[in-house]
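Q: Handing you this structure, nothing more for now.
The values are calculated or read from the model by the stated rules, or taken from the named source; none is laboratory data. The shown structure was predicted, so the numbers you read here are calculated from the model rather than taken from an experiment. We place every Cβ from the backbone using ideal geometry, glycine too, and count neighbours over all the protein chains shown.
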Amino acid sequence: MSALLAVRDLSVRYGKLTVVRNVSFELNAGDFAVLAGANGAGKTSVLRAVSGIAEHTGSVVYKGTELSGMAPHKIAQMGIRHVPEGRGIFENLSVFENLKLATWNIGNKAEIGRKYEYVFALFPRLKERMHQSGGTLSGGEQQMLAVARALMMEGDILLLDEPSMGLAPMLVRSIFDILVKINKAGVTVLLVEQNVNSALKIASRGYIMETGKMVFSGTSAELLGNRKIKEAYLGAL
């Protein structure tokens, strides 16, 4: 079976600085994968390259189609949804208006209605704040809105960049529980996360980067049981 997403020899440069070097990995349909590592490891740049935001060399193939050189909005239309670091919501628009923007290319009103029902079932707090402006939401609510907006779009893959950043532990657990539900509903998830221990516990497999290179990969159980990873990323357990 061919991979849903296949990344081969991916490199990303910003000016003279190479931040990702020859990274390769695959995602199969239904995977929940974590891309982990310290700050500056290149994780965000990998997501930006996959979604067409960062220029790169190498190959990014989705459902048999090469994405390299394709415009970001075309990649999104194909089904790769990206929740960036910093959330990127429109603070002056209401929750409802933020969600509505993501449905611009869906012509079926019944389908749009089903999507609202789906995201409000996942995030009932957003339904309560439907007419509240995004800028007045708490950090956790803004993160929920960012994820919900991505889910309003059609797609098979969800890329998430540090959704736990700046959130209280209870909210982090809530966000992670919702990501598990999304994955179990059939969405393939690629999660960038510094909290390696917590992320690997909810994922099926993981990839760990250091200074732009992929240094470890395997199932979550394999990575959690690897002594070197425990010492370097999880603390000596």
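Q: Tell me, which residue of the stretch 1-45 that is in contact with a His (Cβ under 9 Å, 6 or more places away or on another chain) and among the β-branched types (Val, Ile, Thr) is farthest from ALA203 (Cα to Cα)?
A: Residue satisfying both the conditions and the ranking: VAL12.
Q: Next up: Out of the residues in the stretch 203-237 that are in contact with a strand residue (DSSP E or B) (Cβ under 7 Å, 6 or more places away or on another chain) and β-branched (Val, Ile, Thr), state the one that is nearest to HIS82 (Cα to Cα).
A: ILE208
Q: Give the residue that is farthest from PRO84 (Cα to Cα), with candidates limited to residues of the stretch 170-202 that are part of a helix (DSSP H, G or I) and among the polar types (S, T, N, Q).
A: ASN197
Q: Please verify whether the stretch 165-177 includes one or more residues that are touching a residue at least 60 places away in the same chain (Cβ under 8 Å) and either among the aliphatic types (A, V, I, L, M) or under 30 Å from PHE120 (Cβ atoms) (or both).
A: Yes: one or more hits.
Q: While we're here: Does SER164 satisfy the criteria of being in contact with a helix residue (DSSP H, G or I) (Cβ under 8 Å, 6 or more places away or on another chain) and crowded, with 19+ Cβ neighbours inside 10 Å?
A: Here the answer is yes, as SER164 does meet what is asked.
Q: Let me ask something else. Could you please let me know if GLY135 is closer than 26 Å to GLU193 by Cβ and either crowded, with 21+ Cβ neighbours inside 10 Å or at pLDDT 95 or above (or both)?
A: No: the conditions fail for GLY135.
Q: Now for a different question. Could you check, for the stretch 1-22, whether at least one of its residues is assigned to a strand (DSSP E or B), aliphatic (A, V, I, L, M) and within 16 Å of GLU162 (Cα to Cα)?
A: no
Q: Still on this structure, please answer the following. Quick check on the stretch 63-117: of everything there that is over 17 Å from GLY155 (Cα atoms) and under 16 Å from the mean Cα position of the chain (by Cα), which residue is modelled with the highest pLDDT?
A: ILE89
Q: Follow-up question, since we're still on this one. For residues in the stretch 206-237 being assigned to a helix (DSSP H, G or I) and modelled with pLDDT of 85 or more, which is surrounded by the fewest Cβ atoms within 10 Å (Cβ to Cβ)?
A: ARG227
Q: Which one of these is within 20 Å of ILE178 (Cα to Cα) and small (Gly, Ala, Ser): ALA110, ALA121, ALA71, ALA76?
A: Selected residue: ALA121, the only one of ALA110, ALA121, ALA71, ALA76 that is within 20 Å of ILE178 (Cα to Cα) and small (Gly, Ala, Ser).
Q: When you scan the stretch 167-204, how many residues do you find that are in contact with a Phe, Trp or Tyr (Cβ under 8 Å, 6 or more places away or on another chain), at pLDDT below 90, surrounded by fewer than 19 Cβ atoms within 10 Å (Cβ to Cβ) and not small (Gly, Ala, Ser)?
A: Here the count works out to 1.
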